[in-house]
Amino acid sequence: MSHEYRYEVILYWSVEDQAFIAEVPELPGCAADGPSYTEALENLHVVIRE
């Protein structure tokens, strides 16, 4: 069974963490990071599915 979710994603560079941070405001605490824009989004998809 495949689910399609549509959430607003805020993606930004964190100088402190030296990584891209991806957050979903509608899901409290739902955030992921990665060394690239693409990896941050891929990691965020994992968190959303969990």
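Brief remarks on what is shown
- Convex hull volume per residue in cubic angstrom - Cα atoms of the chain: 77 Å³
- Sum of side-chain charges, Glu8 neighbourhood, beta-carbon under 12 Å (Lys, Arg +1; Asp, Glu -1): -1
- With respect to the chain, whose longest principal axis is taken over its alpha-carbon atoms, helix 37-49 is tilted by about 40°.
- With at most 13 other Cβ atoms within 10 Å, longest stretch of the chain clear of loop chymotrypsin sites (Phe, Trp or Tyr not before Pro) (DSSP): 8-50
- In plain terms, the chain from Arg49 to Ser36 could stretch by 2.6 nm, reckoned as 0.36 nm per residue minus the Cα-Cα distance.
Read the figures in this text as sums done on the coordinates, not as results from a lab. Note that this is a predicted model, so its numbers are computed, not measured. Reconstructed Cβ throughout: ideal geometry from the backbone, glycine too, with neighbour counts over all protein chains shown.
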